[in-house]
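The values are calculated or read from the model by the stated rules, or taken from the named source; none is laboratory data. Predicted model only: the values in this text are computed from it and were never measured. Cβ: placed from backbone, ideal geometry, glycine included. Neighbour counts: every protein chain shown.
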């Protein structure tokens with residue numbers, strides 16, 4: 001218990017100066033971070049207008065993005081530098097990308113994961129079958145051929161429609 005409390009105190013102190021910004025000017029650093037985590041980069045969009053980065057003392061420590069397909073978004077590239085994990089960076093990035101997605105009037109967010117279904121479940125995503133994903137998302141490069149068929153598909157509803 002004391003270890004967890006000490007870690008939390010360090011995390012708060014360390015992240016006091018964390019900033020979250022648009023990712024447009026950080027492409028090189030994003031590529032390095034994603035490659036270090038073995039995440040796909042070949043199909044990263046040319047413009048990163050729907051990507052956000054976390055900075056600590058002007059160093060890139062995290063990234064997340066959303067690719068937009070009509071009314072739906074595909075969550076991409078959530079990654080946090082290893083020395084900043086378990087400090088709330090990913091949660092903060094997810095909160096901000098959710099807000100951006102809502103501003104863009106997206107109804108649902110989808111993602112593919114091989115390593116973190118439990119984490120995303122705690123953040124409001126639910127496992128679904130690949131067949132239940134909208135066609136627009138299924139046709140994305142990440143969904144159709146970058147991520148393996150074994151990747152778990154998850155969905156988060158952002159805007160509920162009233163009948």
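Residue 44 meets the stated requirement of being more than 17 Å from residue 116 (Cα to Cα), modelled with pLDDT under 95 and buried (at least 18 other Cβ atoms within 10 Å of the Cβ). The single residue among 100, 109 that is in contact with a strand residue (DSSP E or B) (Cβ under 9 Å, 6 or more places away or on another chain), closer than 22 Å to residue 40 by Cβ, modelled with pLDDT of 95 or more and surrounded by fewer than 21 Cβ atoms within 10 Å (Cβ to Cβ) turns out to be 100. So which residues in region 136-150 are modelled with pLDDT under 85 and either surrounded by fewer than 19 Cβ atoms within 10 Å (Cβ to Cβ) or not in a loop (DSSP other than H, G, I, E, B) (or both)? Matches in region 136-150: 141, 142, 143, 144, 145, 146, 148, 149, 150.
For every residue, the table says whether it meets (1) touching a helix residue (DSSP H, G or I) at 6+ places or on another chain (Cβ under 9 Å); (2) closer than 22 Å to residue 135 by Cα.
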site	(1), (2)
29	no, no
32	no, no
41	yes, no
102	no, yes
105	no, yes
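Residues that are under 18 Å from the mean Cα position of the chain (by Cα) and assigned to a loop (DSSP other than H, G, I, E, B) were ranked within region 117-132; the one that is surrounded by the most Cβ atoms within 10 Å (Cβ to Cβ) is 125. Here is the figure for region 27-83: residues that are in contact with a strand residue (DSSP E or B) (Cβ under 7 Å, 6 or more places away or on another chain), over 20 Å from residue 123 (Cβ atoms) and part of a strand (DSSP E or B) total 2.
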